[in-house]
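J.: Attaching a single structure in C-alpha cells format; questions to follow.
The values are calculated or read from the model by the stated rules, or taken from the named source; none is laboratory data. For clarity, every value in this text was computed on a predicted model and none was experimentally measured. So basically every Cβ, Gly included, is an ideal-geometry build from the backbone, and we count neighbours across all protein chains shown. When the accessible area is computed, the model is the full protein with side chains, heavy atoms only, and any ligands, DNA or RNA have been set aside. Shrake-Rupley method; radii C 1.70, N 1.55, O 1.52, S 1.80 Å.
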Amino acid sequence: MIKLGENLYKNNVREIIFVHGTAVGNDPLDIFNSPVFSNPLTEEGSKLLKAISDMSLGFDLPDFLHIDLIDKTKDIIKLAIDNTLGDVGNFSPEYVRKFGEAIGHGICEGNSPFVWSSGNTHSARLEGTVRLAEMLAQSIKNKKILTKDRILLIGHSHAGQLFALLTIFLQGSNVADKLSAIINEKGWDDQFNKNLESIKDVFLDFVTMGTPVRYRWGQYSKFRLLPIINHRSNSRLDLKAIYNVEDGDYVQQWGTEGTNLPNIDVNEKNLSDILQNAGFDLSVALSNAAKSASKYPIDRQEAQFQNGIKVVENCLLDYGDKRPENNNDPLYCVQKVFGHGIYTTEEKMQFNTEIIVESFYSDE
C-alpha cells in the first residue's frame, strides 16, 4: 500500500474522501430532513423532540440539555450503524484510519469518512451534496491544496449521486439554478456558492462503487470518473442466481429510478421533475424490474452527461463473493448485501487501491 501511496502523492493527490451510500448514515429514514424538523420549522421540531425525550424519561430536562439534540441523536444513530455493520457496505472510521496509515504521505491520515443522512430521497442527496461541498472547501483551505492538485473521492452506492449533483453545480446550468433555489428555500448553506468557487480551483477524481445509475453528470472539465461494479454476468431476475449471488452486484441494478422512499416533502416532486428522475414511483420501478425478468439479461447501465452522452465505460470487476461450494447458509446473500457490500471491506482495500491507481494515475 505504501508504494500505491507514493504513486498517488507523485500524481498530486493531496486529499482522499470516503463517502458512504444509502441507509448507513446518520438519518437513514430521512426523518430530520422532513418538514417537521427542517427550516422553517426548526423551532417546532425542537419542541417536539424535547416533548418526546421528556415523556420517555418521565420528567422534564432543563432546556440547555436539549441544545443540539438533533445532532446528538444523529451521532448515536451513526455510531450504532457503524458498530453493527462495520465495513460491510459502509466506510467505517476504522477503515479510513487504516487506509490513511497504509498509504502514508499525510494524504488521508487523520480523516474520517464523510457522513450524510443517507436517506433514500432526492432531497437527502441534495442536502448531502451541500454538506460535501462544505467539507471539500474546508479541506482545500486547511490542507492548502493548490490548483494543480487533485482530490480523490471514493463513494459507495448512492454516494455517486452526490458526486453527480456536485458536477452539475460546478458546471452551472438551468438545472443547477433550479436546485440552488431549493437549497436557498431550505436554508441549508448560505456559503454554498462560495464553497463551489473554492472547489473549482482543484481537480476532482471520482470513484463510484456499485452506484446505481440515477442522476446525469454535469459537463464539467475538471473531473474524472471511474465507475466500479462488482460483476460476473448480466443480472437476471432469477431467485436461485440471486440466492447464490451469481451475477455480482444486484443492488446496483435494483436501485434504479422510482425506488426512493416515499416522502411528504413537496420538494420531492419538484426534484423529480428538475432531475428528470422519478423518486418514489412503483410503476417505474416495476417496469425496470420487468426488464430483468425478460428472456435476455439486461446490460449494466452507464453514467451519462446532461446531454445524454456516456461519461465513461463501466469498470466491471469480479469481487469473488459468489456463494462458495458447500456453503448452505440461507443468509449468505443477505450477509453479502446481494453483492453490494463487498467493495468497502478491509479485505478489498488494496485491490481497490490498485485498480484506482492503474486507472487514473499509471500513465501520469
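J.: Considering only residues that are free of Cβ contacts under 8 Å to residues at least 60 places away in the same chain and within 23 Å of LYS348 (Cβ to Cβ), which ones fall in segment 68-91?
T.: First, pick out the residues of segment 68-91 that are free of Cβ contacts under 8 Å to residues at least 60 places away in the same chain: 68-84, 86.
LYS78, ILE81, ASP82, ASN83, THR84, GLY86 - these are the residues of segment 68-91 that are free of Cβ contacts under 8 Å to residues at least 60 places away in the same chain and within 23 Å of LYS348 (Cβ to Cβ).
J.: Could you look through segment 314-329, keep only residues that are farther than 27 Å from ILE103 by Cα and in contact (Cβ under 8 Å) with a residue 24 or more places away in the chain, and pick out the one that is surrounded by the most Cβ atoms within 10 Å (Cβ to Cβ)?
T.: LYS322
Listed here are the residues, each with its yes/no results for (1) in contact with a strand residue (DSSP E or B) (Cβ under 8 Å, 6 or more places away or on another chain); (2) among the small types (Gly, Ala, Ser).
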| position | (1), (2) |
| --- | --- |
| PRO330 | no, no |
| HIS340 | yes, no |
| THR344 | yes, no |
| ASN352 | yes, no |
| ILE356 | yes, no |
| SER359 | yes, yes |
| SER362 | no, yes |
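J.: If you don't mind, there's one more thing I want to ask. Please note which helices (runs of 4 or more DSSP H) are completely contained in segment 209-323 and include at least 1 residues that are out of contact with any helix residue (DSSP H, G or I) (no Cβ under 9 Å at 6 or more places or on another chain). If you could, list the steps in order and put the result at the bottom.
T.: Values: elements: 239-243, 251-254, 267-275, 282-292.
Where helices (runs of 4 or more DSSP H) fall fully within segment 209-323 and carry at least 1 residues being out of contact with any helix residue (DSSP H, G or I) (no Cβ under 9 Å at 6 or more places or on another chain), they are 239-243, 267-275, 282-292.
J.: Still on this model: Given the options ASP201, ASP177, name the one that is closer than 28 Å to LEU226 by Cβ, surrounded by fewer than 18 Cβ atoms within 10 Å (Cβ to Cβ) and among the acidic types (Asp, Glu). Spell out how you get there, then give the answer.
T.: Numbers: ASP177 fails: closer than 28 Å to LEU226 by Cβ.
When all the criteria are applied, what remains is ASP201.
J.: On to the next question. Taking segment 85-108 as the search range and keeping residues that are in a helix (DSSP H, G or I) and either modelled with pLDDT under 95 or over 22 Å from the mean Cα position of the chain (by Cα) (or both), which one is nearest to GLU15 (Cα to Cα)? Steps first, answer last, please.
T.: Here is the first cut: in segment 85-108, the ones in a helix (DSSP H, G or I) are 85, 93-103.
Filter again for either modelled with pLDDT under 95 or over 22 Å from the mean Cα position of the chain (by Cα) (or both), leaving 101-103.
Working: GLU101: 13, ALA102: 14, ILE103: 12 Å.
Going through the qualifying residues, I end up with ILE103.
J.: Kindly provide the set of residues from segment 1-33 that are open to solvent by less than 20 Å² (accessible area, probe 1.4 Å) and either modelled with pLDDT under 95 or within 14 Å of the chain's Cα centre (by Cα) (or both), ordered by number.
T.: Across segment 1-33, the qualifying residues are ILE17, PHE18, VAL19, HIS20, GLY21, VAL24, GLY25, ASP27, ASP30, ASN33.
J.: So which residues in segment 128-145 are touching a residue at least 60 places away in the same chain (Cβ under 8 Å) and either more than 19 Å from the chain's Cα centre (by Cα) or open to solvent by 30 Å² or more (accessible area, probe 1.4 Å) (or both)?
T.: Passing the criteria: GLU134, MET135, ILE140, LYS143, ILE145.
J.: Still on this structure, please answer the following. Here are some residues: GLU358, GLU313, GLU346. Which one is under 22 Å from GLY86 (Cβ atoms) and acidic (Asp, Glu)? Spell out the reasoning first.
T.: Numbers: GLU358 fails: under 22 Å from GLY86 (Cβ atoms); GLU313 fails: under 22 Å from GLY86 (Cβ atoms).
Going through GLU358, GLU313, GLU346 in turn, the sole match is GLU346.
J.: When you go through SER123, SER118 one by one, which is the residue that is touching a residue at least 12 places away in the same chain (Cβ under 8 Å), more than 19 Å from SER198 (Cα to Cα) and not in a helix (DSSP H, G or I)?
T.: Numbers: SER123 fails: not in a helix (DSSP H, G or I).
None of the other options fit; the residue is SER118.
J.: Determine which member of the set ARG224, ARG214 is touching a His at 6+ places or on another chain (Cβ under 9 Å), in contact (Cβ under 8 Å) with a residue 24 or more places away in the chain, open to solvent by less than 70 Å² (accessible area, probe 1.4 Å) and of a type in the set (D, E, K, R). Outline the logic, then answer.
T.: Numbers: ARG224 fails: touching a His at 6+ places or on another chain (Cβ under 9 Å).
Among ARG224, ARG214, only ARG214 is touching a His at 6+ places or on another chain (Cβ under 9 Å), in contact (Cβ under 8 Å) with a residue 24 or more places away in the chain, open to solvent by less than 70 Å² (accessible area, probe 1.4 Å) and of a type in the set (D, E, K, R).
J.: Then there is this: Of everything in segment 331-345, what is assigned to a loop (DSSP other than H, G, I, E, B) and touching a residue at least 24 places away in the same chain (Cβ under 8 Å)? Give them in sequence order.
T.: Quick first cut of segment 331-345, residues assigned to a loop (DSSP other than H, G, I, E, B) only: 331, 336, 340-345.
LYS336, HIS340, GLY341, ILE342, TYR343, THR344, THR345 - these are the residues of segment 331-345 that are assigned to a loop (DSSP other than H, G, I, E, B) and touching a residue at least 24 places away in the same chain (Cβ under 8 Å).
J.: Would you confirm, using the coordinates I've provided, whether LYS348 is in a helix (DSSP H, G or I) and either open to solvent by less than 30 Å² (accessible area, probe 1.4 Å) or of a type in the set (Lys, Arg) (or both)?
T.: Values: in a helix (DSSP H, G or I): yes; either open to solvent by less than 30 Å² (accessible area, probe 1.4 Å) or of a type in the set (Lys, Arg) (or both): yes.
Yes, satisfied.
J.: Hey, does segment 98-109 have a residue that's surrounded by 20 or more Cβ atoms within 10 Å (Cβ to Cβ) and in contact with a strand residue (DSSP E or B) (Cβ under 7 Å, 6 or more places away or on another chain)?
T.: Scanning segment 98-109, I find at least one residue that is surrounded by 20 or more Cβ atoms within 10 Å (Cβ to Cβ) and in contact with a strand residue (DSSP E or B) (Cβ under 7 Å, 6 or more places away or on another chain), so the answer is yes.
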